[in-house]
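The structure appears below as structure tokens.
The values are calculated or read from the model by the stated rules, or taken from the named source; none is laboratory data. Since the model is a prediction, treat every value here as computed from it, not as a measurement. All Cβ positions, glycine included, derive from the backbone under ideal geometry; neighbour counts span all protein chains shown.
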Amino acid sequence: MVRLWYGRNFTRTEMRATVFSVDVKASGTAASGRTRQLLFAASLAMSLLAYMSAPACAIPGGAGQAGQATDLSLEQPGGLEQPGAATPFDRHGMWIWYVERSEGGDIGRIVSRAKAAGIGTLYVKSGDAGDYWGQFNSGLVEALHRGGLDVCAWQFVYGEQPTAEARIGAAAVRRGADCLAIDAEAHYEGRYAAADRYVRALRARIGERYPLSLATFPYVDYHPSFPYSVFFGPGGATVNQPQMYWRAIGTSVRAVYEHTYLFNRLWGHPIYPLGQTYGGPRRGEILGFRRYAKSHGGLAPSWWDWQETSLAAWQALGATTRPLDGYRPVVSHPTLRRGSRGDLVIWAQAHLRGAGQTGLPVTGYFGPRTAAAVRAFQLASGLPVHGRIDTTTWSALLAVEPVRPRWAAQRVTVRRRTGAAPRLLPARRPASASLPAKAYEIDPGPAP
């Protein structure tokens, strides 16, 4: 059973994705629509063979292999960024949920449609929780590469099996993904230990320099217990792709940019806006989203998602645009003060500790001790001393390397008189992890 997005809600469907379990117990049952899947697999294989100029070869992990175990250690790492080269994030992108629902899985048509719309990078779903999606395979990646496209994988994560989720992400990298995008949403709220475990396990498998992004809720202030500071902290994602679905949120293109960027600039990573082509956006809205992107640093946007993009939307993606005349984006930062709470406070506290305030606990609550640490930092930095973290203080604080709190459980060696002894330090979480979301700008829908 998988979820489909219609309007602002998820609904259940009997359609099944092709998935493979990796070192964990499968969360779903055996596929029932096997005949339909085999027909699609044959169609996809024919499309790949027709499009590829090289001799035909087997496609490991193909979409027609439902119910068969896949050895995720067979293929070699690929997609690593070359020194001095632009990343896949720097090309206009389109997200693919189901390959079979994108031009019927025909690779030639996918390449032609993408090029006509100026799309250079495809984000193809490769996993969900502890299940690998066989549609993301080396044959697909190779064929799209031959068509001049970059191919990134994206996985939806929940936090219930963080190590298994890390294995799923690494499996897509081994199949040649040019980058990996993490789609973490409401399920990860409050799960600091799981996020920490996932990020550490993933980086251990794909390397510290592999291009990694987070695509999640755009309104940081709405989600005080979401572990943005873990996903974007040291060792985490280095690219930010906030889901700026203005129509789903119920706001304007300008408003979604200004609200999103006000808070997301604090993570210190380049922001590549993720817009929507589902839900029937007007041509002017799509063009406006592209123009605002140019006015907010010019980084390439990407779009959700291929299977729900109308012909008019494709034409709007391929149209020529220019930056907005006379528009200047807001460049200030939100102010934190006593009484503030949530993940942004955790981010500030981690930076304060990195600046030498090592006795400050990372709690997510801005109380007297945090205010005193801020005043000490301001005094040492030659800033006005008032105990609040305003734009000027943020600018100085963000120049400091933050500490990396350890939220996940870990084994350590304790030295005693009788010798060294192993000890398990339990998982922990900040006090603010229990805070509820203030609102959901994008309806998360029912749990799958």
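A few notes on this one:
- In the stretch 429-448, the residues that are at pLDDT below 95 and not acidic (Asp, Glu): Ile442, Pro444, Gly445, Pro446, Ala447, Pro448
- Here the stretch 363-414 is the region considered, the condition is being assigned to a loop (DSSP other than H, G, I, E, B) and β-branched (Val, Ile, Thr), and the residue that is farthest from Pro227 (Cα to Cα) is Val385.
- Given (1) of a type in the set (Phe, Trp, Tyr); (2) closer than 17 Å to Ala427 by Cβ; (3) in contact (Cβ under 8 Å) with a residue 60 or more places away in the chain, number of the condition Tyr210 does not satisfy: (2)
- Evaluation of Ser302 against (1) farther than 22 Å from Pro88 by Cα; (2) of a type in the set (Ser, Thr, Tyr); (3) in contact with a strand residue (DSSP E or B) (Cβ under 7 Å, 6 or more places away or on another chain) (one fails), failing number: (1)
- Test for Val331: is it among the hydrophobic types (A, V, I, L, M, F, W, C) and either assigned to a loop (DSSP other than H, G, I, E, B) or more than 26 Å from Leu262 (Cα to Cα) (or both): yes
- Long-range neighbours under 8 Å by Cβ, at least six apart or interchain, first residue under 12 Å from His333 (Cα atoms) and in contact (Cβ under 8 Å) with a residue 40 or more places away in the chain within the stretch 390-415, second β-branched (Val, Ile, Thr) and assigned to a loop (DSSP other than H, G, I, E, B): Asp390/Thr335; Thr391/Thr335
- The single condition from (1) in contact with a helix residue (DSSP H, G or I) (Cβ under 7 Å, 6 or more places away or on another chain); (2) more than 23 Å from Asp325 (Cβ to Cβ); (3) not β-branched (Val, Ile, Thr) that Gly275 fails is (2).
- For the stretch 324-344, filtered to residues that are surrounded by 14 or more Cβ atoms within 10 Å (Cβ to Cβ) and without any contact (Cβ under 8 Å) to a residue 60 or more places away in the chain, the residue that is farthest from Leu266 (Cα to Cα) is Leu324.
- Residues that are in a loop (DSSP other than H, G, I, E, B) and within 32 Å of the chain's Cα centre (by Cα) were ranked within the stretch 415-429; the one that is farthest from Gly339 (Cα to Cα) is Pro426.
Per-residue answers, yes or no, for (1) in contact with a Lys or Arg (Cβ under 9 Å, 6 or more places away or on another chain); (2) in contact (Cβ under 8 Å) with a residue 60 or more places away in the chain; (3) crowded, with 21+ Cβ neighbours inside 10 Å; (4) of a type outside the set (A, V, I, L, M):
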site: Trp267; (1), (2), (3), (4): no, yes, yes, yes
site: Pro281; (1), (2), (3), (4): yes, no, yes, yes
site: Ile286; (1), (2), (3), (4): no, no, yes, no
site: Ala312; (1), (2), (3), (4): yes, no, no, no
site: Arg322; (1), (2), (3), (4): yes, no, no, yes
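- Identity of the residue in the stretch 182-195, out of contact with any Lys or Arg (no Cβ under 7 Å at 6 or more places or on another chain) and not in a loop (DSSP other than H, G, I, E, B), that ends up farthest from Ala164 (Cα to Cα): Ala186
- Filtering Ala129, Ala201, Ala181 for residues that are of a type in the set (Gly, Ala, Ser), closer than 17 Å to Phe231 by Cα, in contact with a Ser or Thr (Cβ under 7 Å, 6 or more places away or on another chain) and without any contact (Cβ under 8 Å) to a residue 40 or more places away in the chain leaves a single hit, Ala201.
- Of all the criteria given as (1) in a helix (DSSP H, G or I); (2) over 24 Å from Ala409 (Cβ atoms); (3) in contact (Cβ under 8 Å) with a residue 40 or more places away in the chain, the one not satisfied by Gly176 is (1).
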